[in-house]
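The next block holds one structure in the form of C-alpha cells; read it before the comments.
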Amino acid sequence: MIRSMNVRLISAGLCSALILTCCTPSPAKTPPDTPVDNTPDVPDVPDVPDPEDPNGLTDRNPRPTDAFGAAPTRLRRLRDGQYRNAVQQLLGSAAAAVALPPVDVPLNGFLAVGAAELALSGIGVDSYEASATAVAAVASVDPSSPARAICLSADAACYTQIVRTLGRRAFRRTLSDSDVTAYAGLGVTAANAYAALVDQPFDKGLEFIVLALLQSPHFLYIVEVGDEAQAPDARSLTGAELATRLAFFITDGPPSDALLDAGEAGSLSSPTVLDATARELLAQPEARAAVRNAFRERLQLLDFQTLNRPDPALTPSVRTAMVEESLRLIDDVVFDRNSDLRELFSTTTTFVNDELAAYYGFPLPGSGAFFSRVQTPAAEGRAGLLTRGAFLTRFAHNNRSSPTLRGKFIRENLLCASVPAPPNDVTTTLPEQIDDNLPRTTRDRMAAHMTEPRCAACHETMDPLGFALEHYDQFGHYRTHENGLPIDSSAAVDGEAADDATGFMGLLKNRSDMASCLVRALYRHGTGTIEESGQEAALYDVDTAFFASGLKLQEAMVAIAVSDSFGIVSLTARASPEGEN
Amino acid sequence: MRHTTLKRRTFLRGVGGAMLALPVLEGMLNTDGTALAQGRLLPKRFGVFFWGNGVRLDRWVPSATGLNYALSAELAPLAPVRDYINVVSNFKVYAAGPRGHHDGVSGMLSGREFIELPHPNSNYSSKFGGPSIDQMLHNDLNVGAAKPVLNLQVAPEIVTGEGPTLQFISHRGPDEPQTPIRSPAEVYQQLFGSFSAPNSNDPRNTLRASVLDLVKGDIDALKPRLSATDRQRLDAHLTGVSELRARIASLPPELIGACAIPEPITVTAGDLRTLSDLHADLLVMAFACDTRQVATVQFTGSVGFTVFPGAGAGHHDLTHDGSAESQEKVHQATIVTMECFSSMMQKLRNTPEGAGNLLDNSLFLATSDLSEGLTHSVDDYPIVLAGRAGGAMRFPGIHLRGPSLLRKNTADVLMTIMRAMGSTRSSIGTGLTASSTPVSEIMA
C-alpha cells in the first residue's frame, strides 16, 4: 500500500537533477496525426511487488454475494462520434464530413447514460433531418460513396438491392422484406417525382432512401430486444445485437459486414470466439480513436476550446495541443505499450510540440508542430494525467485553481462516489474574507469551508484531494507561490496523507477501488447503464481479470465484452422514481 | 376567409397528400382589433425568461408595495415597460428537497420537486419533476404541433454535469428535456426556413413528409417490443416527428399586421446583449407571424459561470464570494440581465397588434433558480410577470409582497399564469410545491 509511495519518491529523486529530455532518446518528429516514436523511454520504476498481492493494490472487498441479475437495456441513441462513424462506414468520408447530429446530454456523468435514458428533444428530430439531408445530398452524387457502388438504375430492382445492402449496414441487422419494400418504394417514388425535373432521377431516389435510413429509429438508436423467446428480465442479446454492442463499445462504430455475419450466424455465442473478436476489434485503429474519445469525455475535455480562461497565451492551438498531450499519454499507455494503466497517474513522460512546450516553459523539443516524447521538469513534480495542462485548466475557475473541482473529479470519476449538490440556506461566504484584505492562497480560502460544519461534510470529501494539485494554477502552469505565499500541496485521501502530487498520485493509483471504478466507468460507457447489485459479482470478476493482467485497459475491455453483465440484458424497466406527467 | 388562402390550401392537398393545418392568421381583424374576423380571439403568447444564480434581494425587492412603488435598483431597467410589470415577492419554493439550484429551478418552473437519480456510485444528477410551465401551457392551449415551444439560449456557460434539471429549463417530462437553440441562424431556420413554397413544383417537401411517415411506421412497429420507458421515449421522438412534419406542410405566414419575414440571419454566436437582441427580434416575428405562441429564453444557466462584462470571474463564483466587490459585480450582472429582459419586452410592446401591441397579448415569467446565490435560499423568490395576457393581468402593474409569516407558494404564480392564459386546469404541480390558488391581486 503505502510502500509504493516511497518508491515513487525515490523515482522522482533519481531524475531531480535532470531536466526535460534527460531520460528520453532524441525526440522523434512525427506529424500531429500519427503516433510518435514508440520506443519506450526509461520506464517508471515498478512498484515493489507484495508477495501476497503482486499488483501492489490495496485490499479488495470480498466478492459480492448477490445473485446475477441482468442490467436493463434501453434504446441508446448513437452519440455524436458513433453517429459520424456510422455515416462514414455506410456512405464514406465525404458524406460523414457534413454529418451534424444533435448534442449529447450526459446523465450521472456519462453521455452513454444520457443516450440511454433521455428522450430525443423535439428539436433533435429537426437536427437529424437536417444532418441526413446534408449527408444524403453528398452521398447520392459522390462517385466514391459505397451507396453508389451497388447499382445505378432508377428502378425497383436496383433500389431493392441498395436497400438490402445499405439497410443492413444502417440497421445493423438483416432487413425484413416489408422493410425493404417500403424503403425501395420510397426510392422509386422519389425518382418518379423528379423524373421530369432532373437529368439523373436515380440520384434522387438514392438520396431519399438515404434520407429515410438515417432518420429511422433502427439507425439512430442501438436497438436491443434480445432473444424474444426468453423471459424479459434476462435475455441473451441476439447475435446481431451482440456484434453491434461489441463494435460500438470497442470502436465507437457499427459492426463490419463480416462481424455482423458472424453475429447473425451465432458464432459470438462461443466465449472463445467472442474473446478473439474483441481482441481483433482492439487491434483496429478505430479502437484507439474510441478510447481517446472515451477519455476525452471522462476528462470533460469536449468543450475545452470554449472554456472561459482569460489568458491570451492559451490560444486555440495551445488548447488543441493540451488535449492532444493528454490523449497521447493514454494512447501510449493503452495501445503503443499496452502497459499498466497506473502509469497514467505516475508518469513523468509527456508529449509536447514546440508551442505547448513554450507555453509550459519547458525547453523546446525542436520538433515544430510535431509532438515529441519528453520528460516533464523534475522540479515541477508532475505525475501523470492529472498534472497535465488539460486537466488542470479544465478543473479550475477562470481566475484561480479549484481544489474543490479537482477533488470532486477524483472522488466522483476516479473513486465512483457521489458528491451531493450543496444544501439550501447555507451562507456560502468564506468567513475569513470579510475580516481583512491580507493575501491568501486558494488553499487558505478553502480551509474556511472546514470551519462551517454544514460545508465541511461535503468539502472534506473533495478539497483535501485537490490540494495535492495546488502547485498548478488554472492555466496548467507550475507555481511555487500564490499571492506571494508559498504553496502547500500536502493532501490526503481517506486518512492517508501525501506531501505533493507525486506522493498523492502514488496513493491514488494503487487503490483497488480506483481500479474497479475504472472498470465500472468502462461498463457504463459501453452499456449506457449504471451497474446495480445484480451485476456486481460479474463486474468483480472483470476486476479480477483486469488486476491479473497487470492493469491493462485492453484486458478490462475484453473481460467486459465476455461478461454476462454485457451480453445478458433485461427488458423490464429499472425501478426508479419518476414524476407523474 | 380570403380566397387566396383557400387556393393555397387546395394546392397543397393536391401536391402534398395529407398536408396539415396552416399556422397562419386566418383573416382580417374585427373592427375592435381584439379578435379575428371569425370571432376567434387574438392568440395569447407566453414566455419564460430565465437566469441563473438569483439576485441580491436587498437590491431587488422594491421597498414599497402596491401601485406606485418605486422600482428597486435591479428592477430599474424595466422602467420603460413598468405599467406592464407585476412584481411579486416573498413567495417561496416549498420543496422539501435539500439541494440548492435543483429545488428552485424545478419547483419554480414545474410546481414539482426534482427527481434525484438513485445511483450513489456515480456523479450526482437530477431530473425535472415533470413538465415545465411552458410545455403545460402549450399542451393546455392546444397550440399544436406546427408551433412547438421555441426554446432559446443566450449564455453558453451551461452546467451539464448535474443532470437535466440544471441544464435545461423546458421539459415535457422527467426524461424529456428540450434542447434550446443558441445560434440565431438556426433560430431563423426553425422559424422561417421550412415552409412549403406555395407555387413550387419541387416535390422535395412532399417527399420529406413521406420520409417522416416511413420513420413513424418504423417507430410504431418497434414500440411494442420495448420496455414501457422506451415506448415513452419513442413517443417523445414521434412528437418531434409530427412537429417537423407539420412545419414542412405549412405555408409561409401571411404578412398581415406586423408580420414581416426577416432577412435570413447568418450570425451563429455573439455576446450576451447581441444574442439577446437578435433572439428578441426573431421572437417578436415568431409571435407577430403566429408561427409560435410559447417560448423560453435561458438567458444564463442555473449555476452558470457566465462572465459578465467587466466581472472578471464567473457569475456563480461571484455569488458565493461575500466580499463587497464581488457582491457588487453580482448586482451589476442582475442589472445587465434585466436590461436584456426589458429590451425584449420593449420590442414586444413596440410591435402593434390589433388595437394594441404584442405585449398586450403576451405574458412573460421572468425568474431564476434561487433567491440569492450567496445563501442558496429559495424563500423570497425573484419573480416578475410582464405583459397583459390579453387583458387578464393587472394593468398598470403592482408590487405585491406576500406575508412574511406564512410565505406564499411560488406555484400560485404558475396557477396565475394558467388562469391568465386561459388554461382550465384546476391545479398545478404535486405535493408541497402544488397550487390551486392563483394570485388574484395581480390579475385584472
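Values in this text are rule-based calculations from the coordinates and carry no lab data. Computed from a prediction, not measured in an experiment: that's the story for all the values here. A quick note on method: Cβ atoms are made from the backbone with ideal geometry, for glycine too, and the neighbour counts reach across all protein chains shown.
Size descriptor for region A:445-581, Kirkwood hydrodynamic radius: 18.2 Å (Cα pairs only, one decimal).
For the pair region B:78-153 / region B:203-277, the C-alpha centres are spaced 23 Å from each other. Among the GluC sites (Glu not before Pro) in region A:160-259, those placed in a DSSP loop whose Cβ has at most 10 other Cβ atoms within 10 Å are A:Glu228. Determine the distance separating the Cα centre of region A:237-264 from the Cα centre of region B:324-393; give it in Å without decimals. With region A:237-264 and region B:324-393 each reduced to a Cα centre, they are spaced 52 Å. Each of A:Glu280 and B:Ser200 was given a label point 7 Å from its Cα along the Cα-to-Cβ line. The distance between the two points is 4.7 nm. Residues within the reach of a label modelled at A:Asn192 (point 7 angstrom out along Cα to beta-carbon, backbone nitrogen below 16 Å), restricted to region B:204-225, are B:204, B:206-208, B:210-211. Work out the mean other chain Cβ neighbour count within 10 Å for the residues of B:167-176 and drop it here as an integer. For this peptide, the per-residue mean of nearby foreign Cβ atoms is 4. Amide H contacts under 5 Å for A:Ile222: A:Arg76, A:Arg77, A:Leu78, restricted to partners 5 or more places along the chain or on a different chain, H placed in the peptide plane at 1.01 Å from N.
With a Förster radius of 22 Å applied to the C-beta separation of A:Ala548 and B:Asn121, the computed FRET efficiency comes to 0.40. Ranked for footprinting exposure by Cβ neighbours inside 10 Å, fewest first, A:Met450, B:Met418 give A:Met450, B:Met418.
Let me have the 222 nm mean residue ellipticity of the protein assembly as shown computed from DSSP H runs of 4+ only, each contributing -39500 (n - 2.57), with the sum over all residues rounded to the nearest 500.
On the way: 38 runs with 411 residues, N = 1025.
When only DSSP H runs of four or more count, the value is -12000 deg cm²/dmol.
Across peptide B:240-249, what mean number of C-beta atoms from other chains lies inside 10 Å of a residue's C-beta?
Details: counts 11, 7, 2, 4, 8, 2, 0, 1, 1, 0.
That average works out to 4.
Residues in region B:211-250 near a label at A:Thr572, defined as backbone nitrogen under 18 Å from the 7 Å Cα→Cβ point? The answer is B:225-231.
Is the protein assembly as shown rounded, prolate or oblate when judged by the Cα gyration tensor, a ≥ b ≥ c being the square roots of its eigenvalues, rounded requiring a/c under 1.5 and prolate requiring a/b larger than b/c? Oblate. What is the log10 of I(q)/I(0) for region A:126-170, computed with the Debye formula using one identical point scatterer on each Cα and no solvent, at q = 0.19, 0.29 Å⁻¹? Taken in order of the listed q values, log10 I(q)/I(0) reads -0.65, -1.08. What's the whole-number percent of alpha carbon pairs in chain B lying beyond 43 angstrom? The calculated P(r) of chain B puts 13 percent of pairs beyond 43 Å. In this calculation the C-beta distance from A:Ala229 to B:Lys216 is compared with R0 = 35 Å, giving a FRET efficiency of 0.75. Comparing B:Glu243, B:Glu263, B:Glu325 in a Gaussian network model of chain B, where Cα atoms under 10 Å apart are tied by springs, the biggest mean-square fluctuation is seen for B:Glu263. Less than 5 angstrom separates the built amide H of B:Ile383 from those of B:Val88, all sequence-distant by 5 or more or on a different chain.
Both radii come from the Cα set of chain A: Rg as radius of gyration, Rh as Kirkwood radius; their ratio Rg/Rh reads 1.00. Neighbour counting of Cβ atoms within 10 Å sorts the residues A:Arg292, B:Arg204, B:Arg425, fewest neighbours leading, into B:Arg425, B:Arg204, A:Arg292. Magnitude of the charge dipole for region A:79-221, about its Cα centre and with charges confined to Cβ atoms of Lys, Arg (+1) and Asp, Glu (-1), is about 400 debye. For peptide A:126-135, the mean count of partner chain Cβ atoms within 10 Å of a residue's Cβ comes to 4.
Springs between Cα atoms under 10 Å define the GNM used for chain B, and in it the highest mean-square fluctuation of B:Phe364, B:Phe195, B:Phe91 occurs at B:Phe195.
Multiply the residue gap between A:Phe68 and A:Ala156 by 0.36 nm, knock off their C-alpha separation, and tell me the result in nm, one decimal place. Mind dumping the intermediate values first?
Working: separation 88, 0.36 × 88 = 31.68 nm, distance 4.96 nm.
Here the segment from A:Phe68 to A:Ala156 would lengthen by 26.7 nm.
Using the 2.2 N^0.38 Å rule of thumb for compact globular proteins, work out how region A:79-221 stacks up: its C-alpha Rg over that value, please.
On the way: Rg = 15.4 Å, N = 143, 2.2 N^0.38 = 14.5 Å.
Computed over Cα atoms of region A:79-221, the ratio equals 1.06.
Treating the beta-carbon of each Lys and Arg as +1 and of each Asp and Glu as -1, no other charges, what is the dipole magnitude of the protein assembly as shown about its Cα centre, to the nearest 20 debye?
Numbers: 87 positive and 115 negative charges, 583 e Å.
That gives a dipole near 2800 debye.
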